[in-house]
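To start, the structure itself, in structure tokens.
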Amino acid sequence: MSRERWDVVLHFLSGTLARHADMVVRGPVVRLGARPGADGLALTGYRGLDDRQAVITVYEDGRATLAPVGTSQVRMAPHEHVNWSEVYPLREPAYLTDGCAFHLGPPGRGVSVRFVRSQPLGVWQEQNILSESAQTPGMAGGPIPDGYEVGGGASELRTDKGRPVWFVPGMILIVAVTLMAVTVPTVIKLFETQKIVLGPQKEQSAVYEVVALDMEVDPVLLEGLNQPFLDFVMKWNSDAAGAAALKDPQYWDQRLLDFVTRATQVHGADWAFWMRLEQIRNEYGRVVATMRDAKMPEVFAAIPYQESQYTKSINSPVCAGSYWQFMPEVGKRAGLTIRDCKLKGSNKTFTPVRNVWEGLNRAPYVYVEPSADPESKGAYSCRINGCAIDEREDLELATLAAIELLAEVYEGDPLIRSSGAAVQIAIASHNAGYDDSRFPDGYKLETNLLPAYKTWLKQVNEEYDASFIGQQIKCEGNSFASHDRCGSVLNPETQHYTYPIIAIHFLAVCYYGQNYGNDPIFKPYTQYLGEDSYCANIDVPTADQVRERL
């Protein structure tokens, strides 16, 4: 009796497995990783590999494909003589050709492999049985037991040498391995079906400014968010810095990503958040489209959500106004017309002057409670009661103004551009300012992003730091009014400003892609709806479910 199957012949180019000749691995499906499961090839002794890194699949015609598992890093090249840091990771399966090479894991770590060929095996002969359990001893660089011969990379169990002393325990081992091959995938599947699925459970707040420093991070969601963090943040940072290596997760701001994951959890659990996304669909889409036209990161579209929930007629206690919550002078500086604003309790009107701002205690449009702590939010109230013209309330004009200010940071500053964190720093600058010292009045604020980043680089003795924003999250969220920065170079409010904005956009991508994927603006988001994409870890409500609650 015979049956045909396809095997895969590999030659390992680095690490412990490089000492062996070509190795035959049973196909037609070969799973590779640090702990790929009972039927996979475990690559032990290699740094930087995920449990399940990649899958090789051989089809009936003998053609083979290589595919990453999830967001794991897998690179492919026609030969092994390449600089893997210059090769982009695969995002989908790619065909393997004889003699091509691939690298699993980040450049400088992981393992490089040459794909030799795929080959059929026609007959299993009783006198020459390929032992599935023998793949590991012959291929992991460990000792080869008596009775095994390694030739052409395939480990064989020879039965024509009599019964060695280990035969009986060996057969017991084979039976145990066979049972594990049957039971372990079932157990793994059981656990996978019980993974946490995040979704709306309560109805409290449309926006969360902070999360607790010790909040538990959901590991399934954290792994999934590598995908949007690469696409919406790190690719843009890579382009700004001209450094392809920034697409490699080992260079990412992991602390920031942890907080983005926490914020995704708390926002995604609240019906009020999804309800607000539904209400502002047109406005959010307009800002996304404007960002694309300007070739700016579209994650910036979540800033007005965090600032005002896309509310047109709203002033903060310090008179930051409308969608983007521009202070009057900031709006004026960015080219918006704001004039003849009526002030409560006065017959005079106010028109801001470009590049001049004397602080809240001197601003004529802000009332300061004499007995209140000047650092407290309750110390201020806005005196502006309508303006003859206020272009902060024009979403298109205000967004173009925001792009001008964000571009100053993201594109215009060479130090920030090369930081590896230009996107995050630009977002934070919308809260704390970029560099007020450049204005004619010479006003200097050490918590503006440029001076703060320079101070940080001196503290850590580095030329750049892609983890800058994440490293500044040190104060608990309830300490906004405190003078204490908890050892950070940023104010407590700014410390917690960036991560919820990124989280909001990640969730908006899922909601708009799922419910409005036919809209040309949101159609690109449908790529994140597959089973292997991050949105699959989130129970995104339908538009009908949300509208029922409005």
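The values are calculated or read from the model by the stated rules, or taken from the named source; none is laboratory data. On a predicted model such as this, the values are computed, not experimentally measured, just so you know. As a convention, Cβ positions derive from the backbone with ideal geometry for all residues, glycine included, and neighbour counts pool all protein chains shown.
Couple of notes before you dig in:
- Here residue 19 fits the description: out of contact with any Ser or Thr (no Cβ under 8 Å at 6 or more places or on another chain) and of a type in the set (Lys, Arg).
- Residue count, the range 90-115 (criterion: closer than 16 Å to residue 71 by Cα and modelled with pLDDT under 85): 3
- Among residues of the range 81-94, those that are in contact with a Lys or Arg (Cβ under 6 Å, 6 or more places away or on another chain) and within 23 Å of residue 22 (Cα to Cα), counted: 1
- Complete set of residues in the range 395-448 that are under 27 Å from the mean Cα position of the chain (by Cα) and polar (S, T, N, Q): 399, 418, 419, 424, 429, 431, 447, 448
- Inspection of the range 317-328 identifies at least one residue that is surrounded by fewer than 16 Cβ atoms within 10 Å (Cβ to Cβ), assigned to a loop (DSSP other than H, G, I, E, B), at negative phi and modelled with pLDDT under 95.
- Scope the range 79-101; condition exposed (fewer than 14 other Cβ atoms within 10 Å of the Cβ), within 25 Å of residue 242 (Cα to Cα) and not polar (S, T, N, Q); matching residues: 81, 86, 88, 92
- Exclusive hit being assigned to a strand (DSSP E or B) and either in contact with a helix residue (DSSP H, G or I) (Cβ under 7 Å, 6 or more places away or on another chain) or not assigned by TED's automatic domain parsing to the domain that holds residue 84 (or both), set 30, 25: 25
- One residue stands out in the range 222-240 among those that are at pLDDT 95 or above, part of a helix (DSSP H, G or I) and of a type in the set (A, V, I, L, M, F, W, C): the one that is farthest from residue 531 (Cα to Cα), namely 240.
- Test: residue in the range 330-350 that is under 29 Å from the mean Cα position of the chain (by Cα), in a loop (DSSP other than H, G, I, E, B) and at pLDDT 95 or above: no
- Close Cβ contacts (under 6 Å, 6 or more residues apart or on different chains) running from residues in the range 509-533 that are free of Cβ contacts under 8 Å to residues at least 60 places away in the same chain to residues that are β-branched (Val, Ile, Thr) comprise 510/538; 510/540; 513/526; 514/540; 517/526; 525/509.
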